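Working notes, beginning with the structure itself.
The values are calculated or read from the model by the stated rules, or taken from the named source; none is laboratory data. Being a predicted model, the structure only gives us computed values, none of them experimental. Note that we place each Cβ from the backbone using ideal geometry, even for glycine, and neighbour counts take in every protein chain shown.
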Amino acid sequence: MNNVYVKNIVRFVLLILFQVLILDTVQFGGYVIPYIYLLFILLLPFDTNKSLLLILAFFTGLSIDFFENTLGLHTAAVVFMAFARPGVIKFYFPTLEHIKGEEPGLLKLGFSGFLKYIFTLVFFDQLLLTFLEVFSLHDFFQTLSHVFVNTLVTLLGILVTVMLFTSRHRKRKY
């Protein structure tokens, strides 16, 4: 089996387990939860087939929905985020060249590029997730502030996770 497949399967399992066993049990301020599992979709290789990307996003969201009993809210939000991912990459990095199997990480995009990339996609996810959960435009600005807080907490969690598991001295393959 290809190393890329094994790495992504292990990443999927570990992120889902970390999310449901640890992060979902700890809520900051009563309603803020960092959604680190989004990292699975964010770090899939650039050349991932769009159909496969949507299927993987569907099963990622479905896994979280199964454990959190949220009736498809995460599935809808993650699929939307995965749908927007290729456009966000093209928008922020129109001249980006990559080799087969390369991931959009800190080493490839740089800190500011990676930050823009994950902020935009996590914001899309949190916007849809929160408004589907509330399902009302009543208290619009309070809901929008909740979206921003969850986005920032998730962004911080993702950055810490990526920085912990990214080596600066990793050899690049040409």
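Assorted remarks:
- Flag if P86 is surrounded by 12 or more Cβ atoms within 10 Å (Cβ to Cβ) and at pLDDT 95 or above: yes
- Single match in T143, T120, T75, T151 (criterion: among the β-branched types (V, I, T) and modelled with pLDDT under 95): T143
- When K100, K90 are checked against the criterion of being among the basic types (K, R), over 25 Å from L164 (Cβ atoms) and outside any loop (DSSP other than H, G, I, E, B), a single residue qualifies: K90.
- Criterion: surrounded by 14 or more Cβ atoms within 10 Å (Cβ to Cβ), within 21 Å of F148 (Cα to Cα), without any contact (Cβ under 8 Å) to a residue 40 or more places away in the chain and of a type in the set (A, V, I, L, M, F, W, C) - qualifying residue of F58, F123: F123
- F80 vs. criteria buried (at least 19 other Cβ atoms within 10 Å of the Cβ) and farther than 17 Å from Q19 by Cβ: yes
- Test: residue in the range 41-48 that is in contact (Cβ under 8 Å) with a residue 40 or more places away in the chain, of a type in the set (D, E, K, R) and closer than 24 Å to F148 by Cα: no
- Taking the listed residues T151, T130, the one that is in contact with a His (Cβ under 8 Å, 6 or more places away or on another chain), free of Cβ contacts under 8 Å to residues at least 40 places away in the same chain, of a type in the set (S, T, Y) and within 21 Å of Y31 (Cα to Cα) is T130, with no other qualifying.
- The sole residue among V160, V147 that is touching a helix residue (DSSP H, G or I) at 6+ places or on another chain (Cβ under 6 Å) and either hydrophobic (A, V, I, L, M, F, W, C) or more than 25 Å from H74 (Cα to Cα) (or both) is V147.
- Residue check, L15 at pLDDT 95 or above, over 21 Å from L152 (Cα atoms), in contact with a helix residue (DSSP H, G or I) (Cβ under 8 Å, 6 or more places away or on another chain) and surrounded by 15 or more Cβ atoms within 10 Å (Cβ to Cβ): no
- Taking each residue of the range 99-113 that is among the small types (G, A, S) and looking for partners that are at pLDDT 90 or above with beta-carbon atoms closer than 6 Å, six or more apart or interchain, yields G101/P45.
- Considering the conditions (1) more than 16 Å from L38 (Cα to Cα); (2) at pLDDT 90 or above; (3) surrounded by fewer than 13 Cβ atoms within 10 Å (Cβ to Cβ); (4) among the aliphatic types (A, V, I, L, M), L137 is excluded by exactly one of them, (2).
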